[in-house]
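Comments concern the structure below.
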Amino acid sequence: MRKKEPVELSWKDICALIEAVKLAEKIKPSQQAKRDAFKKYGIQGTRKDSPLTAIFYRVMLRQGVIDKIISDLTGVKSPFFLDENLRAALRVFIELKVFSKGKVRFDKYLEIKNRVSAFLSNNVHPYVGMWFWDLIDKLENYEFKPRNEDEELMLKYLLPPWFMKKIIDLVGMEEADKVFKALNKKPMISIRVNTLKATVDEVVNELKKEGKDVEVSSIVPTVIRFKGPYNFDKSRLFKEGKIIIQEEAAALASIILNPKPGEVVVDLCAAPGGKTQHMAELMGNKGVIYAFDVDKVRIRRMKELLRRTGVDIVKIYLRDGREAPKVLGEEIADKVLVDPPCSSDGTIMKNPDLRWRLLESEVPKIAQLQYELLKAAIKLVKVGGKILYTTCTMLKEENEDVIMKILKKEGKRVRLVPLNGPYDKGFIEGTMRAWPHKYKTIGFFYALLERVK
């Protein structure tokens with residue numbers, strides 16, 4: 001096999017990478033930050049787009065390790081004490097000089113160093129440019145050597161040590177190894193067919209014409225997977241609302257809740273609307289769904305999704321889902337979906353930079369919010385009605401522990417409805433988990449409750 005030629009990097013390429021890494025701290029998902037920066041520097045859509053995108057994602061993937069190196073080199077406890085321009089420049093150069101040796105070469109390296117140093121001196125502090133120059137020189141022969149078991153695991157799996165410890169404690173090292181490796185694999189693109197507008201066969205045939213080798217899910221027959229890349233902005237299927245971007249595990253949620261035509265359904269954390277749309281689809285676009293969310297940007301995306309897919313039974317509220325009983329009244333819903341904010345670690349393979357935004361200190365706060373949303377759901381649902389609780393985290397604190405707490409506090413009013421497949425049993429009998437290393441999908445948790453009193 002012919003050896004891949006190193007990517008030649010110009011001053012403009014380096015600027016675009018630094019800008020993308022800086023923007024990725026503010027703009028989510030990171031793909032959008034990358035697109036904005038590459039467009040600004042005239043790289044988007046050119047022959048440089050693909051190799052520079054690969055470098056950008058390597059920075060995102062290794063950011064925790066890179067930040068350790070920044071701390072080692074600067075003596076600063078956290079890179080977040082540094083100016084954002086300096087932090088981004090160091091992250092890019094550490095990736096290029098330490099981890100991408102042999103994969104890149106610099107066009108006019110001295111000019112690149114001079115320009116970056118001058119930029120930092122002008123935008124941060126007059127002396128920062130000289131300091132940066134000195135730090136970059138130290139990278140020539142730098143090698144990151146783990147100093148303890150946590151750093152060894154972090155370097156091996158590129159995940160936060162605290163998160164790995166929780167998963168190891170949950171499933172053991174042998175199984176955890178498979179989980180961590182799955183989180184570092186590039187996932188296939190997963191879409192769901194909107195049966196209000198198309199059939200699975202129609203979409204499969206269209207994708208095959210586009211040259212895609214497709215795989216139809218055996219668990220959710222309207223879900224189709226194929227290898228990327230795929231330009232959704234230019235896709236006729238996407239623009240006409242015939243397909244929705246959604247993972248198999250997420251699509252199964254609406255099927256488990258099983259909303260029927262004519263029912264009243266409440267979605268307490270609805271935006272950006274994938275599950276809301278799916279429930280409306282299963283209802284044949286008949287009945288009503290009250291959709292709550294607090295994020296204006298995500299609600300805007302939900303409105304566009306519903307318009308594109310032909311759904312018109314959703315009433316949207318820019319309100320906290322915990323307020324829904326006050327807004328709608330109590331015992332008004334046949335079904336309630338609680339798909340609350342969570343740590344989202346089950347989606348790391350799709351969002352590589354997410355891993356370094358996971359904070360152990362946030363987990364108890366998130367779990368409390370999840371519990372409060374479930375309490376609101378119990379007030380909303382009629383006796384005999386169902387509540388589905390789902391998350392895309394693998395952390396027990398946000399899954400089984402929340403369900404145990406609600407059953408302990410509200411056990412006279414709700415009961416757990418057992419889920420028997422298609423995925424694995426959870427750590428409470430009757431709950432269910434999708435594991436990324438077993439099912440080619442994101443990590444997901446399900447618990448179905450019934451109001452009995």
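The values are calculated or read from the model by the stated rules, or taken from the named source; none is laboratory data. The structure displayed is predicted, hence computed values, not measured ones. Counting neighbours? That spans all protein chains shown, and the Cβs are built from the backbone with ideal geometry, glycine included. What goes into the accessible areas is simple: the full protein's heavy atoms, side chains included, and nothing from ligands, DNA or RNA. Shrake-Rupley method; radii C 1.70, N 1.55, O 1.52, S 1.80 Å.
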Taking E281 as meeting all but one of (1) touching a Lys or Arg at 6+ places or on another chain (Cβ under 8 Å); (2) closer than 20 Å to I244 by Cα, write down the number of the exception. (1)
Considering only residues of the stretch 216-234 that are within 22 Å of the chain's Cα centre (by Cα) and at pLDDT 95 or above, which is most open to solvent (accessible area, probe 1.4 Å)? I219
Look at the stretch 354-410 and say how many of its residues are under 30 Å from Y57 (Cβ atoms) and in a helix (DSSP H, G or I). 13
Between A280, A270, A324, A251, which is among the hydrophobic types (A, V, I, L, M, F, W, C) and in contact with a Ser or Thr (Cβ under 6 Å, 6 or more places away or on another chain)? A270
Quick one: what pairs do we get from the stretch 115-144, first residue part of a loop (DSSP other than H, G, I, E, B), second basic (K, R) and at pLDDT 90 or above, C-beta under 8 Å, 6+ apart or different chains? L139/K97; E140/K97; Y142/K97; F144/K68
The stretch 31-45, residues that are open to solvent by 60 Å² or more (accessible area, probe 1.4 Å) and more than 15 Å from W11 (Cβ to Cβ): Q32, R35, D36, K39, Q44, G45
Return only the number of the condition from (1) among the polar types (S, T, N, Q); (2) farther than 25 Å from L337 by Cα; (3) without any contact (Cβ under 8 Å) to a residue 12 or more places away in the chain that S218 does not satisfy. (2)
Of the residues that sit in the stretch 98-114 and are without any contact (Cβ under 8 Å) to a residue 12 or more places away in the chain and either exposed (fewer than 14 other Cβ atoms within 10 Å of the Cβ) or among the small types (G, A, S) (or both), which one is nearest to W133 (Cα to Cα)? L110
Matching residues in the stretch 399-415 - criterion: being in contact with a strand residue (DSSP E or B) (Cβ under 6 Å, 6 or more places away or on another chain) and open to solvent by less than 50 Å² (accessible area, probe 1.4 Å): N399, I403, V414
Residues being open to solvent by less than 10 Å² (accessible area, probe 1.4 Å) and either among the charged types (D, E, K, R) or more than 23 Å from K326 (Cβ to Cβ) (or both): count how many of those fall in the stretch 361-398. 7
